[in-house]
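Worksheet: the structure to be examined is printed underneath.
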Amino acid sequence: MLTSFFNKIVSQFIPEREDKADMDSKTKTLLLNITNFLFIITVLIEGIISLVQENLILAAPLLVLSLSFTANYYFSSRDEQDLRFQNIFLAILLVTFSFFIVTGGVTGLDGYWTVFYPFLAMTISGRKRGTYWALGLFVVMVLFFLLPAPPVNWIIDYTLPEKLFFIFSFLIAFLIGFTFQFLRSEVFLEKDRQILESENQNRAQESLINKLSYQIRTPLNNITGILELLDNSEMNDEQRDYLNTIHASTNNLVDVVNNLVFASKTFAHEPENMTSFNLYTTLNNTIRLFSGKPGLARTRFNLSLSADIPTAITGNSIKIKQVFLNLINSIVKNNNQSSKFITIEVTRLDGMPGKVELLFRIITNMVIPDDNKLNRVDEGFFNYKDLDRINNSRIIDKLDLGITLKIIESEGRSFNILTEIDKTIFEFAFSFNEGLDVDNISNTLRESGLAEEEPVKPEVNLKDATILLAEDNLSNQQIIILYIKNSVRKIDVAFNGKEALEKFGHTKYDLVLMDIQMPVMDGLKATQKIREIEQSTNSHTPIIAVTANAFPEDKERCMAAGMDGYISKPFQPDELLQLIKKHL
């Protein structure tokens, strides 16, 4: 109770705009504001006492110093990080302590306050500048002790033992303050080292995941392609069941590979991923994926959507599916209750016209023990938002929901976890548009000038198209040819970028399918060379990147090189054909 009371008092000296500042800045701001405020009160009280005692020699300087502290506090509150206000405060404090040394203040003992100056100076302005300020006051003290005091009654006359005590006390305080600041700097330095090492490890992990993703996606694309082709062939019921089992397993593997990408990078919201869909159907189909799984026989699912949610909404349905798959899977694995329930509630929030702001709540009887939560409240200076963030991070780590957090944060939203005695509630929001199809969205973007105008070119029918495929992997060539050979007139194959460039120079192609990672010359360089050739002929041939590189920056590099489209493996035959048709 007492700790909470003092926490609230101290928190008043940290401005709201300092919430995002680092801990070192917060410490300096807090110490500067509290010390400034305390000296306003202390010096003002001493000035008033001197005024009551009709000691104008003490009262006048003390009241002027109090006003100086007040003015500095007022102006520094507008920008606590401005070094000028820090220096002004330390200068006023130096003058105040010098005055206390000379006069002894109201009590005659105020000179002993000087032992706090080295600590305050080095904490507020750092070791180097703080040392200069502390030495400045030390010089004033020594000069006053060495020079003969004038015969006036308001100047205090110290004995030799008192002078020695002053000097040695100040030096000891200086050493303690310097040592404390040195250790504090080392702690922050070590923290920075750990952050840097963590960032380096994250970059190395992202690089590894990128390579793994590329190596997995290429053969996976071939598997899904063959399965798609087999699915259109004649089979008996038993063969069809076998094929469906392989298809389901392959789709799970695709999800795993996509999770690798989500774990490494936070995806930006991309307009091409926006589709018009029915939210109830999407969530219900996601729940049905868990039906019949082992351990879910005694799990009850409830799905409730408020009546004001439109039947069709436009947004990224893939992210919604991914979030709910991860959440439900985590709840099922970590819920130890004999009879489980998972209730999904979706309500509409107030929003702009045309926007559908939805709040998702997943309520389950899973209990997450938090034995240390109460103990942490009294351990240090935390506010309740800090405690919530700490508790959320602990639960997210325990439930392995890091990917889910990244997906939600990629939409600019927060992921809240509320723990109660008998249940746990997961909360997050998503923003959608009212039901529109993708063509309407594209037209809206084009009319508003947000979409790039496509160059005017004659339309080519898919069945009359001549395609150049640049791909170094033989099996990948065979799969893509199987995908499109019955839909186009002719397909030429190049095994690297240089060969593709040579073929492009001798034959007119309606479209180029370009792999990125190829020997001799990669797809990006080949695309740039093709665009250079086209500048002299005033022509434009659509180039689509067909690659296993699935990171957002990979697409950006392709577009920057001059490509018109991008598709990452694995993909379905219809996806590739629709993309080709679009660019023709």
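Annotation: amide H-H contacts under 5 Å for Q517 (H modelled 1.01 Å from N, sequence separation of 5 or more, or interchain): G523. For the stretch 94-133 and the stretch 518-574, write down the distance between their C-alpha centroids in whole Å. Going from one Cα centre to the other spans 68 Å. Residues of the stretch 119-163 with an amide N closer than 17 Å to a point placed 7 Å from the Cα of L183 along the Cα-to-Cβ direction: 119-120, 122-123, 127. Using R0 = 30 Å, the C-beta based FRET efficiency linking I167 and A91 works out to 0.85.
Apply 1/(1 + (r/R0)^6) to the Cβ-Cβ distance of I155 and I421, taking R0 = 60 Å, and write down the FRET efficiency to the nearest 0.05. Efficiency at R0 = 60 Å is approximately 0.30. The phi torsions of the stretch 307-315, fed into the Karplus equation with coefficients 6.51, -1.76 and 1.60 and a -60° offset, translate into couplings of 5, 8, 7, x, 4, 10, 10, 10, x Hz, rounded to whole numbers, with Gly and Pro shown as x. Taken about its Cα centre, the stretch 70-161 carries a charge dipole of roughly 280 debye when the Cβ of each Lys and Arg holds +1 and the Cβ of each Asp and Glu holds -1. Taken one residue at a time, the phi angles of the stretch 568-576 give Karplus couplings (6.51, -1.76, 1.60, θ = phi - 60°) of 9, 6, x, 9, 8, x, 4, 4, 5 Hz. Gly and Pro are set to x. For the pair K582 and D237 in one chain, pulling the backbone fully straight at 0.36 nm per residue adds 120.6 nm over the alpha carbon distance. The residues of the stretch 136-192 present an accessible area of 68 Å² per residue when probed at 1.4 Å with all protein chains retained. Computed packing ranks the peptides 499-505, 95-101 as 95-101, 499-505, most packed first, by mean other Cβ atoms within 10 Å. Between I533 and E502, the simple label model (points 7 Å from Cα in the Cβ direction) yields a spacing of 1.2 nm. Here the Karplus curve 6.51 cos²θ - 1.76 cosθ + 1.60, taken at θ = phi - 60°, turns the phi angles of the stretch 526-537 into couplings of 4, 5, 4, 5, 4, 5, 5, 4, 5, 4, 7, 9 Hz, with x standing for Gly and Pro. Under 5 Å between amide hydrogens, built in the peptide plane, is the criterion, and for L303 it picks out I344 among residues at least 5 positions away or on other chains.
In this simple spin-label approximation, I309 and Q201 carry label points 7 Å from Cα along the Cα→Cβ vector, and these lie 3.9 nm apart.
The values are calculated or read from the model by the stated rules, or taken from the named source; none is laboratory data. Given the structure is predicted, the values throughout are model-derived calculations rather than measurements. Here Cβ is always computed from backbone atoms with ideal geometry, including for glycine, and neighbour counts include all displayed protein chains. With ligands, DNA and RNA removed, areas are computed over all heavy atoms of the protein, side chains included. Shrake-Rupley method; radii C 1.70, N 1.55, O 1.52, S 1.80 Å.
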